[in-house]
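The values are calculated or read from the model by the stated rules, or taken from the named source; none is laboratory data. Just so we're clear, the structure is a prediction, and the values are computed from it rather than from any experiment. Here the Cβ positions follow ideal geometry from the backbone for every residue, glycine too, while neighbour counts run over all protein chains shown. Side chains included, ligands, DNA and RNA excluded: accessible areas come from the protein's heavy atoms. Shrake-Rupley method; radii C 1.70, N 1.55, O 1.52, S 1.80 Å.
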Amino acid sequence: MTSAETKQFIEGGEWQSLAVELRPSKDRATSEMKPFYCFRTFKFTPGDRFECTVINSADAAGKIALVKIVIKGHNVWQGEHPTIKDAYYVDYVADHAYEITPLIQGFADAINLVPNKDLNKWEVGVTQDIKAKAFPAFGLAEGQIYIDYDLIYILNDLLFMGSKHVDGRAFDKPENRPTNLQIPLIRK
């Protein structure tokens, strides 16, 4: 598939995790490795727009939802992957919204421990947009628009994106872009 065919294939559809995913993550405060359980949904619309919803859970079954994260923005297609035929580098630029909704009191309490002049006190079920705001819990600085440097690949009606690094690094820098693929998303 060309990049144009890939764009056309994913647009207008909603893609979701097969099941709760286990991804490596690193605690920013302690550098300790921790499991990150999540369920993802992606929507792609014309004009290279995307919306990604992530429900982060405390358990592998996804029964104890901690936080809902909704990222909205646009895609920047950066060219073909050098070793995976028909895979493409894509940057997800969160320039429309980066919304956080605590779903359990313990999560709200934990992020309330870090003072923040640009945000209200965190409450369960109340969404705040952290786009371009300092949010140390996620490693974001004031004025920063988050970009996820990723890759995308289609195979047999499955949507693959980059696999998270085993050391927990985020895709927050071009040099951290993934080099291999993770569990696919299915069309909803």
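Quick one: if the Förster radius is 22 Å, what FRET efficiency do VAL114 and ILE64 give, using the C-beta to C-beta distance and rounding to 0.05?
0.50
Kindly state, to the nearest 0.05, the FRET efficiency for ALA141 paired with ILE104, given R0 = 22 Å and r defined as their beta-carbon distance.
Calculated transfer efficiency: 0.25.
Determine the share of the chain's accessible area contributed by carbon and sulfur atoms, expressed in whole percent, with a 1.4 angstrom probe.
54
Strictly over 29 Å apart at the Cα level, which of LYS68/LYS164; LYS7/LYS121; LYS43/LYS164 would you flag in this model?
Pairs exceeding 29 Å: LYS7/LYS121.
Using 0.36 nm times the number of residues separating VAL76 and GLU14, minus their current alpha carbon distance, what extension gain do you get?
Here the answer is 20.4 nm.
Cβ neighbours within 10 Å, averaged per peptide: list 63-73, 140-150 in order, most packed at the top.
Packing proxy ranking, top to bottom: 63-73, 140-150.
Could you name the aspartates and glutamates in cross-link range of LYS131, using Cα to Cα under 16 Å and dropping any fewer than eight places away on the same chain?
LYS131 reaches GLU51, ASP95, GLU99, ASP118, GLU142, ASP148, ASP172.
For VAL126 and ASP95, calculate 0.36 nm times their separation in residues minus their Cα-Cα distance, and state this gained length in nm to one decimal.
9.1 nm
Considering only protein heavy atoms, what per residue accessible area in square angstrom results for the chain with a 1.4 angstrom probe?
Ligands and nucleic acids excluded, the result is 51 Å² per residue.
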